[in-house]
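Student: Got a structure here, written out as structure tokens. Questions coming.
The values are calculated or read from the model by the stated rules, or taken from the named source; none is laboratory data. On a predicted model such as this, the values are computed, not experimentally measured, just so you know. Backbone-built Cβ (ideal geometry, glycine too); neighbour counts: all protein chains shown. Only protein heavy atoms, including side chains, enter the accessible area calculation; ligands, DNA and RNA are left aside. Shrake-Rupley method; radii C 1.70, N 1.55, O 1.52, S 1.80 Å.
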Amino acid sequence: MSVAVIGTGSRAIVRRLRAAGIAEVSVYEPVSAGEASRSPVGRQRRTPWTASRRWLSRDDRPVPRRLVDISELVFDEKGDHWLIHSAGNEPAQARVVILAADTTRRLRAGAASESAHRPVGALPETPSGVRLPVTGRAARTLDAAWSHAPVTFRGIATHGFPNLFFVGSTEPAVEEPRVAQSARVDLIATWVRALQRQSGTRIEVRASTQHEYHRRLDPTSSTRRPGRPKPHHFDITVAADRHSDHDYAGPAVLDLPGAEYPVIATLTGHIDPIDGRYHWYGRLDPAESTALPEPTRASALLVVPGRAPAAANLTERDPWGNLRVTGIGTPPFALEA
């Protein structure tokens, strides 16, 4: 299982992964790091007892280190791996991506820009220090998921972005003590080890776990030691385990009187045995940093690319700020024959 550590100061992360039995680790550092940045691991300790120049332990084996400016991260749902884009190079692949502290800060560097609706694969110029675009499941960007504020579980992962972990603070202006980052590294290594041990290809924090964590979050408890990881916090799966619980998941446009909102629609439906009509329903997530409107009784249309508009009803806003949508009749998505 391949793990990519992106950013400087990765020595502690690599050592902790090696201690957990993760052998296939690569490090990506910005070009600005140059040769001044020491190799994360692999420097031989020479003592009178190491005249044969052997490595003292498996933790000291050299790790591939690449000097490259990462411009974008895109999750490949078919292969359950991350595509690591850099200007002028073919995308590299890694099953798991761990963002070091300096790279984590790039996720919120500056205001959210047009990346939420930029075509996937269009590589912007991304020198060190500017915001790093990240696209997760269903083509949803991290900018959209964090439109109001970063939403994570224990600061290490966000639902909708599998196999991606954060080491540093998600707020660029916040400087954290090393002990906080060390605690995150330990948690991340534990879950990456669990993914490898269970021969899974995808690990993702559960939406309910993330929601409950924020509901109970006490801003004064930052010094409290976090509890031990529990199996129900994350879903570890392979492709064969994941059965689609929806008929359509992808981009759409919510058309209201006087305004249109790009959304990510997750929809399904069934034929009602009483009235014999097709009832469809689902959830609308914002596709950009713009917040969705409040539920209204005004006429609404939901438009899926390549399909005719379908009349929709906005029923309520869920605890995560998304909209519940329902409709009767021909759905906005294609039905299987």
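Student: Quick one: net charge of residue 168's neighbours, Cβ under 9 Å, K/R +1, D/E -1?
Tutor: Working: positive: 105, 184; negative: 102, 176.
Residues close to residue 168 contribute a combined charge of 0.
Student: Carbon and sulfur: what percent of the stretch 238-337's accessible surface (1.4 Å probe)?
Tutor: On the way: 3070 of 5720 Å².
Roughly 54 percent, rounded to a whole number.
Student: Let me ask you something else. Please list, by residue number, every one of the trypsin sites (Lys or Arg not before Pro) in the stretch 258-337 that is coil in DSSP and has at most 13 other beta-carbon atoms within 10 Å. Each step should come with its number before you reach the end.
Tutor: On the way: sites: 277, 283, 297, 307, 317, 324; in loops: 277, 297, 307.
Loop-located and lightly packed - 277, 297.
Student: Give me the net charge for the shell around residue 292: Cβ to Cβ below 14 angstrom, other residues only, Lys and Arg +1, Asp and Glu -1.
Tutor: Values: positive: 140, 283, 317, 324; negative: 255, 260, 285, 288, 294, 316, 318.
That sum, taken over residues with Cβ under 14 Å, equals -3.
Student: Order of 206-214, 4-12 by packing, highest average Cβ count within 10 Å first? Mind dumping the intermediate values first?
Tutor: On the way: 206-214: 15.1, 4-12: 22.7.
Output ranking for 206-214, 4-12: 4-12, 206-214.
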